[in-house]
Amino acid sequence: MTRVLVASPRATVRARLEAVVGAGRELRLVAGPPGASLARQVETLRPDVVLLDLDGRRLETVAAELPDPVPTALVVLADAPRRLRADQAVERGLARAVLPRDAASGEILAAIDAVVAGLVVLHPEALGPRPRRGAWPARVAADPAQPLTAREIEVLAMLAEGLGNKIIAARLGISSHTAKYHVASILAKLGAGSRTEAVTVGMRRGLVVI
């Protein structure tokens with residue numbers, strides 16, 4: 001069960017985000033006493049993830065309240081993710097995920113699942129202008145320095161069976177969001193542009209046998 005702390009200076013926003021977290025199948029909402037600082041809540045509750053609403057504040061200012069390095073994964077909601085320089089925030093260890101404040105519930109839950117799985121989530125709005133239709137690269141470069149984890153090899157074997165995310169999730173006892181991000185991580189590590197290509201590369205490397 002993933003422990004999630006919601007932090008926002010606005011009670012209405014905090015209530016909405018707590019409702020989103022409460023709807024997560026594998027999430028447990030934790031909350032400190034009213035008026036407690038973020039640092040105090042993190043120290044006392046030790047959440048796995050902090051869902052942080054910046055509400056116009058600077059990320060550096062909020063993160064400065066926490067120990068260095070930040071002891072928990074921050075999923076940040078920002079008014080202007082692009083101006084936040086999300087890639088730099090991730091590189092500096094200030095955040096694991098950056099989303100717009102109006103992100104849908106599904107996007108927020110998927111981001112939480114992703115950071116728990118060890119991934120980084122950057123919303124398209126945090127990466128600059130969207131390229132023209134069809135201009136996104138079909139594949140990414142393989143990263144040989146990042147070998148597949150034991151769980152990813154399990155997922156790869158299920159991809160070889162032609163299974164979808166929901167069935168993979170059911171077999172492994174995880175959420176479909178987590179299954180989705182395991183698949184995304186596999187594609188990135190193998191430099192594959194599709195599930196079929198990932199299985200083919202996996203076979204060549206001896207990671208999966210059909």
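Summed over segment 167-210, residues that are modelled with pLDDT under 85, within 17 Å of Ala150 (Cβ to Cβ) and not in a helix (DSSP H, G or I) total 5.
Based on this model, can you work out whether Val76 counts as within 26 Å of Ile174 (Cβ to Cβ) and of a type in the set (Val, Ile, Thr)? Taking the combined requirement at face value, the residue satisfies it.
Any residue in segment 150-159 that is loosely packed, with under 14 Cβ neighbours inside 10 Å, at pLDDT below 85 and in a helix (DSSP H, G or I)?
Of segment 150-159, the ones loosely packed, with under 14 Cβ neighbours inside 10 Å are 150.
Then keep just the ones that are at pLDDT below 85; that gives 150.
The next check asks that each one be in a helix (DSSP H, G or I); those that pass are 150.
Within segment 150-159, one or more residues are loosely packed, with under 14 Cβ neighbours inside 10 Å, at pLDDT below 85 and in a helix (DSSP H, G or I).
Taking residues in segment 51-74 that are in contact (Cβ under 8 Å) with a residue 40 or more places away in the chain and on the phi > 0 side of the Ramachandran plot, and partners anywhere that are surrounded by fewer than 21 Cβ atoms within 10 Å (Cβ to Cβ) and of a type in the set (Gly, Ala, Ser), the pairs with Cβ atoms closer than 8 Å and at least 6 places apart or on different chains are Asp55/Ser8. Name the residue that is surrounded by the fewest Cβ atoms within 10 Å (Cβ to Cβ), counting only residues in segment 1-52 that are outside any helix (DSSP H, G or I) and of a type in the set (Asp, Glu). Once the filter is applied, the top-ranked residue is Glu26. Every test in (1) part of a loop (DSSP other than H, G, I, E, B); (2) at pLDDT 80 or above; (3) under 30 Å from Ala64 (Cβ atoms) is passed by Gly118 save one, and that test is (2). Does segment 86-115 hold any residues that are surrounded by 14 or more Cβ atoms within 10 Å (Cβ to Cβ), more than 21 Å from Ile186 (Cβ to Cβ), modelled with pLDDT of 65 or more and small (Gly, Ala, Ser), and which are they? The answer is Ala89, Ala95, Ala103, Ser105. Specify the residue that is surrounded by the most Cβ atoms within 10 Å (Cβ to Cβ); the eligible residues are those in segment 53-72 that are in contact with a Pro (Cβ under 8 Å, 6 or more places away or on another chain) and of a type outside the set (Ser, Thr, Tyr). Step by step, filter segment 53-72, then rank; the result is Asp53. Checked against (1) under 17 Å from the mean Cα position of the chain (by Cα); (2) modelled with pLDDT of 85 or more; (3) not aromatic (Phe, Trp, Tyr), Val42 meets all criteria but (1).
The values are calculated or read from the model by the stated rules, or taken from the named source; none is laboratory data. In this text the structure is predicted, and so the values were computed from the model without any measurement. With ideal geometry, Cβ positions are generated from the backbone for all residues, glycine too; neighbour counts draw on all protein chains shown.
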